[in-house]
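Student: Here it is: the structure, laid out below.
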Amino acid sequence: MPFQPVAFFADHYNWVKALHIIAVISWMAGMLYLPRLFVYHADADKGSELSETLKIMERKLLRVIINPAMGATWLFGIFLVLGNPAVLTQGWFHVKLTAVLLLSGVHGFLAKTRKVFLKDENKRPAKFYRILNEAPTVLMILIVIMVVVKPWQ
Ligand code: HEM
């Protein structure tokens with residue numbers, strides 16, 4: 001055990017886990033939707049009404065849902081570790097955390113891409129964003145299998 005569990009988080013473990021899963025669902029909803037908006041935006045004429053509407057949708061989705069949900073997922077995830085530090089020694093958690101760091105990297109790339117569209121500077125085709133849309137899906141599947149099945153201790 002790397003360190004002693006923090007009593008408050010150990011005593012309220014299932015409440016914290018419930019809040020963690022609620023934040024995860026919100027984060028994933030946004031991460032699976034934003035690349036889809038980029039698919040339509042890549043085919044929209046620069047300066048068109050559709051392009052300007054998509055800019056508003058992308059900003060609100062990122063600022064109101066995706067960013068706060070990622071923050072809450074990390075916050076409650078860390079609280080779970082503080083309540084159960086033994087997970088830090090387990091193989092499934094190492095694979096999970098690696099996948100979560102990659103997912104956070106994809107988040108960062110989507111946030112950067114939103115600014116590229118905002119400045120009408122996107123040069124990538126819709127196909128690129130269709131493929132990009134698979135990344136959060138694959139990582140989510142890997143993460144959930146790791147944390148529920150725990151194939152390696
Ligand atoms: C952001 C950093 C994250 C940290 C530090 C973290 C940490 C944890 C910890 C310690 C648990 C409790 C495991 C247990 O007691 O069995 C947990 C549960 C869970 N996590 Fe995360 N997690 C993070 C992100 C995610 C993400 C991105 C997803 C999904 C895409 C996810 C899905 C889940 C699920 C579904 C559970 C409940 C598993 C169960 O009760 O069987 N977590 N997380």
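Student: If I filter segment 85-96 for residues that are loosely packed, with under 15 Cβ neighbours inside 10 Å, modelled with pLDDT of 95 or more and under 20 Å from R130 (Cβ atoms), do I get at least one hit?
Tutor: Checking segment 85-96: not a single residue is loosely packed, with under 15 Cβ neighbours inside 10 Å, modelled with pLDDT of 95 or more and under 20 Å from R130 (Cβ atoms).
Student: State whether one or more residues within segment 1-11 are closer than 29 Å to R130 by Cβ and in a helix (DSSP H, G or I). Lay out the reasoning, then the answer.
Tutor: Taking segment 1-11 first, the residues closer than 29 Å to R130 by Cβ are none.
No, there is no match, as no residue in segment 1-11 is closer than 29 Å to R130 by Cβ and in a helix (DSSP H, G or I).
Student: Okay, next question. For residues in segment 65-75 being crowded, with 19+ Cβ neighbours inside 10 Å and more than 8 Å from the ligand (Cβ to nearest atom), which is farthest from F9 (Cα to Cα)? Explain how you work it out, then say what you get.
Tutor: Quick first cut of segment 65-75, residues crowded, with 19+ Cβ neighbours inside 10 Å only: 66, 69-70, 73.
In the following step, the residues that additionally are more than 8 Å from the ligand (Cβ to nearest atom) were identified as 66, 69.
Numbers: I66: 25, A69: 20 Å.
Restricting to residues being crowded, with 19+ Cβ neighbours inside 10 Å and more than 8 Å from the ligand (Cβ to nearest atom), the top hit is I66.
Student: Filter segment 35-64 for residues that are free of Cβ contacts under 8 Å to residues at least 12 places away in the same chain, open to solvent by less than 70 Å² (accessible area, probe 1.4 Å) and assigned to a helix (DSSP H, G or I) and give the result. Show your work before the answer.
Tutor: Applying the first criterion (free of Cβ contacts under 8 Å to residues at least 12 places away in the same chain) to segment 35-64 yields 44-45, 48-50, 52-53, 56, 60, 63-64.
Then keep just the ones that are open to solvent by less than 70 Å² (accessible area, probe 1.4 Å); that gives 44, 48, 53.
Across segment 35-64, the qualifying residue is only T53.
Student: Still on this structure, please answer the following. Would you call I78 part of a helix (DSSP H, G or I) and more than 10 Å from the ligand (Cβ to nearest atom)? Even if it seems obvious, please write down each step before you answer.
Tutor: Numbers: part of a helix (DSSP H, G or I): yes; more than 10 Å from the ligand (Cβ to nearest atom): no.
So I78 fails the test.
Student: Might you let me know whether segment 91-102 holds any residue that is farther than 21 Å from F3 by Cβ, within 9 Å of the ligand (Cβ to nearest atom), in a helix (DSSP H, G or I) and aliphatic (A, V, I, L, M)? It would help to see each step written out before you state the result.
Tutor: Initially, segment 91-102 is screened for residues farther than 21 Å from F3 by Cβ, giving 95, 98-99, 101-102.
After this cut, where a residue has to be within 9 Å of the ligand (Cβ to nearest atom) as well, the list is 99, 101.
If we keep only those that are in a helix (DSSP H, G or I) as well, we get 99, 101.
Going one step further and asking which of them are aliphatic (A, V, I, L, M), we end up with 99, 101.
Yes, some residue in segment 91-102 is farther than 21 Å from F3 by Cβ, within 9 Å of the ligand (Cβ to nearest atom), in a helix (DSSP H, G or I) and aliphatic (A, V, I, L, M).
Student: Looking at (1) more than 11 Å from the ligand (Cβ to nearest atom); (2) within 24 Å of the chain's Cα centre (by Cα); (3) not polar (S, T, N, Q), can you tell me which one V6 breaks?
Tutor: (2)
The values are calculated or read from the model by the stated rules, or taken from the named source; none is laboratory data. Here the structure is a predicted model, which means the values were calculated and not measured. Every residue, glycine as well, gets a Cβ built from its backbone with ideal geometry; the counts of neighbours run over all protein chains shown. What goes into the accessible areas is simple: the full protein's heavy atoms, side chains included, and nothing from ligands, DNA or RNA. Shrake-Rupley method; radii C 1.70, N 1.55, O 1.52, S 1.80 Å.
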